[in-house]
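Right, one structure below, let's go through it.
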Amino acid sequence: MLVLSRRINESIQIGTDIEIMVIDVRGDVVRLGITAPQTTQIWRKELWDIIVQENKAAAELSSFKEPPLLPVSSFSKLPDIPIVKPERPEVKNNA
């Protein structure tokens, strides 16, 4: 692990497109400003750990042999609905 000391308005550069700047320090709380491309996902570590844990749990659930039961929709009942065809008036051919 790299450990750096920074003061307010000082920053560190990660790669060519990510900059982390110390914005404020109040007691034991440090406010950081992060400049990165919009496509870069930035997560608080405690949330990232929850996401990883939930993904692992979902992957374990998907290993079941039986698919989950889906709710019955009105579209699944379509074969039971009688089809009514309107009668067309006969067209007389004057030829």
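Read-outs throughout are calculated quantities, based only on the coordinates presented, and are distinct from any laboratory measurement. Just so we're clear, the structure is a prediction, and the values are computed from it rather than from any experiment. Note that each Cβ is placed from the backbone with ideal geometry, even for glycine, and that neighbours are counted across all protein chains shown.
Going by how many other Cβ atoms sit within 10 Å of their own, how do 52, 22, 3 line up, fewest first? Walk me through the numbers on the way to the answer.
Working: 52 10, 22 17, 3 4.
Ranking 52, 22, 3 by Cβ neighbours within 10 Å, fewest first, gives 3, 52, 22.
Residues in segment 5-20 carry Karplus couplings, in order, of 9, 9, 9, 4, 6, 9, 9, 10, 10, 10, x, 9, 10, 10, 10, 10 Hz; the curve used is 6.51 cos²θ - 1.76 cosθ + 1.60 with θ = phi - 60°, and Gly or Pro positions show x. The mean sequence distance of close C-alpha pairs (under 8 Å, at least 6 residues apart), as a share of the length of segment 9-59, puts its relative contact order at 23 percent.
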